[in-house]
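The structure appears right after this line, and notes come after that.
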Amino acid sequence: MKILAMDVSGNFKEGMGTTGYAVMENGELDHVGQISANGFDSAESYWQEHVWLLSFEKPDHFVFEGYRLYNHRGQAASSQANSILETPQLIGALRLASYGLKIPFTIQYASQVKTRWSDSVLQHLGVLDTSNRFKGYATNTHKRDAIRHALHYNKYGGK
C-alpha cells in the first residue's frame, strides 16, 4: 500500500506557507519533501502543485492534516478575524481532487499525532537520526509532521 501524507499549509497571501509531505510504501517511509509557496506566483498555482503531487504519486490512500479553529485557545479565533482562511480552501481543493482521482483520504488533526509521534519517538524508531535528518537529509517541522501523519495512518488506519 502506498500512502501520501501532507502537513498542509495553503497560505499564500497571508504569509508564504510550506506544505510538508511524506510517501510511505508497504509500511516503509520512502521519501519526504515540501512545497513552498514562495516558489509560485499565485495561490492557485501553489495549490495546483499539491494536486499535481497527488496525481503524480498515485497513492492508495491520501492522509492530511485538517484545519480546525479552536475556541478554547483564547485569542486564536480573534487572530483569524478577517482572514481569508487559505489553508481550509486548499484542504477543500485537495478533498475534491482526491475524490476526482478516486483516491480515498483521511483527515487527521495535529492533536492525534503530535504527542504519539514526537521527534524523540521518531529518533528512537530510527526514522530520524539525532539531528532530525531522514535518510541523511535535513527535515523541518512540516516534513516531520507529514511523517507523523503517514506513520499514524499506517499503524492505526482511519482511527
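FYI, it's all coordinate maths here, none of it is from the lab. As the structure is a prediction and not an experimental result, all values here were calculated from the model.
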Just to check I understand the Karplus step: with θ = phi - 60° and J = 6.51 cos²θ - 1.76 cosθ + 1.60, what whole-Hz values come out for region 95-105, glycine and proline as x?
4, 5, 4, 4, 4, x, 8, 6, 10, x, 9
So what J values fall out for region 34-47 if you push phi through Karplus, 6.51 cos²θ - 1.76 cosθ + 1.60 with θ = phi - 60°, rounded to Hz, Gly and Pro as x?
8, 10, 10, 4, 5, x, 10, 9, 7, 4, 5, 5, 4, 5
If you take all C-alpha pairs in the chain, what percent of them are over 19 Å apart?
54
Give me the tail of P(r) for region 103-145 as a percent: Cα-Cα pairs with distance above 18 Å.
32
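Please report the antiparallel percentage of DSSP beta bridges with both residues in the chain, rounded to the nearest 5. It would help to have the intermediate numbers written out before the result.
Details: 15 of 23 bridges.
DSSP beta bridges in the chain are roughly 65 percent antiparallel.
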Provide, in order from the shortest bin, the percent of all Cα-Cα pairs of region 83-125 in each 10 Å bin, continuing until the bin that contains the maximum pair distance.
23, 32, 31, 15
Under 26 Å between C-alpha atoms is the cut-off here; go through the chain and count lysine pairs that meet it, provided they're at least eight residues apart or on different chains.
24
